[in-house]
1. Mean residue ellipticity at 222 nm from the helices of the chain, using -39,500 (n - 2.57) per DSSP H segment of n ≥ 4 over the full residue count, to the nearest 500 deg cm²/dmol?
2. Indicate, rounded to the nearest 5 percent, the antiparallel portion of the DSSP beta bridges found entirely in the chain.
3. Taking only Cα atoms, what is the 0 to 90° angle, nearest 10, from helix 498-509's long axis to the longest principal axis of the chain?
4. For region 312-366, report the accessible area per residue in Å² (1.4 Å probe, heavy atoms, rounded to an integer).
5. Order ASP362, ASP179, most accessible first, counting only protein heavy atoms with a 1.4 angstrom probe.
6. At a threshold of 8 angstrom on Cα-Cα distance, excluding pairs fewer than six apart, so keeping six or more, what relative contact order does the chain reach in percent?
7. Scan region 217-284 for trypsin sites (Lys or Arg not before Pro) in coil per DSSP, keeping those whose Cβ has at most 10 other Cβ atoms within 10 Å, and list them by number.
8. Which residues in region 110-150 have a backbone N closer than 19 Å to a point placed 7 Å from the Cα of VAL170 along the Cα-to-Cβ line?
Amino acid sequence: MLSRVNSSAVAGIAGYKVEVEVDISFGLPMFNMVGLPETAVRESRERVKTAIKNSGYAFPVDRITVNLAPADIKKEGTGFDLPVAMGLLAASKVVSPDHFRAYFMLGELSLDGRIKPVSGVLSCALCAKQHGAKGILVPHGNRLEAAMVKGIEVLPVKTLGEVVEFFTGVRRIVPFQSDIDATLNDATASVFSTLDYADVAGQNHAKRALEIAAAGGHNIAMSGPPGSGKTMLAKRLVTILPPLTFNEALETTQVYSVAGLLKDEMPLITSRPFRSPHHTISSPGLIGGGLRPEPGEVSLAHNGLLFLDELPEFKRNVLEVLRQPLEDGRVRISRAGAKVEYPAVFMLVAAMNPCPCGFLGDSLHDCSCTDAQVQRYRSRISGPLMDRIDIHIQVPAVRYSELTGNERPESSADIRQRVMAARVLQLERFQILEGETIFCNSGMGAREIRAFCPLEPEAAAILEMAVDRLGLSARAYSRVLKISRTIADLEGAEKILRQHVAEAVQYREG
């Protein structure tokens, strides 16, 4: 007898439908699995067989063929255990396969029939909804994650016996529901409780640059001596960014779900990610990859921040892989038999010393580096990569008077209000675009720059002089215009004025 069970797998972060076909026919006992199953999927034969027996059901002793369709895509993971087991029980007439049509199911089986959590459930739930399924059966440990998808019943199950009883009408499984709005309302409470720009003394110029970066989603590089506060400033940047929208939170959570990094108590990523990899990281660790391609740090920072401290200490070949995602906002990984794509829309925040000893240009300390050492140090970062960073600033050492002054610095909450007001202007501006989704000024292309970055004559004259004297590239020219647009938005100005361009140009000189 033939049975079919709906399940799902993940390619990149997108879920796709997998139809598990199970056929039991007369012949010598054999258990064949086809449809490009990788090792973990092939090993499910023994898990399924033992789980069915230990759950009190008879395992068929005829010829068994399991096909995972579409058969031309490699299947990975342990989530097919449950649909294969239910397909076998349906083909053995323990349950009717007609009841399976309205549901998707996935989960890993233990040898005693318990159903264990798997990765990528959120993407699979979205896939089930797109295919019009009534509900999806998921491991009990994945219930919170799957419940983030509205419009589909999430049925949490703990054992194989529960699933059989549900499809035979013996047991009723109550769909699990979660309060998504309450989850989103707690977005940045924990961040604000520990981090605040009010803790940073001085550095008003750097704070202004970071405010502009947050308002427009621009990349920023900070250079200064050790102890000047670069890391402290970078870690607090997340506190002035606008909260994630539900769609942004859902897409970010998909990345973490696929990577297996979701915590049981946090089914939805509600605050913007802050990733700070060590400088010894490899290219696959940063960009993603491996034998089984997984998201790298750039994708884990999707819709958030990627902070690279001590930028010149990273291997040059590692840094060079950033160039493509900084331009495209996506990472494409090709392996033998596997091509995946991960989103990577992030703000790059880099910090570095001006030289190996860190005191080049410092009026209070003498630099001990030779010109050759400084040149080698700076050459570790290529020109094309630095050209993709919108804002360049110097972060000098903090003076004693600033450290001991009575004036309390501006709080993150105050800065965040201005940032959010600027972001609202940008969203309203970009709503008229058809076929494109742009959330902030950094995402503008050539056409949007022409349409939304009109310059007053005096502003155009300053920009022309800056391009000629500084030798700015075409990319740098576009980025100056984007920064100018953001500065104007912070002031609520419709057109880009002379002072906006003048301030934007100084961030390219650093």
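The values are calculated or read from the model by the stated rules, or taken from the named source; none is laboratory data. Quick caveat: nothing in here was measured; it's all calculated off a predicted structure. Cβ placement follows ideal geometry from the backbone for every residue including glycine, while neighbour counts extend to all protein chains displayed. All accessible areas refer to the heavy atoms of the entire protein, side chains included, with ligands and DNA or RNA removed. Shrake-Rupley method; radii C 1.70, N 1.55, O 1.52, S 1.80 Å.
1. -11000 deg cm²/dmol
2. Values: 29 of 59 bridges.
Taking every DSSP beta bridge with both residues in the chain, the antiparallel ones total about 50 percent.
3. 80
4. Values: 2680 Å² over 55 residues.
Accessible area per residue: 49 Å².
5. Descending order: ASP179, ASP362.
6. Averaging sequence separation for qualifying contacts and normalising by length gives 13 percent for the chain.
7. none
8. Correct set: 110, 112-115.
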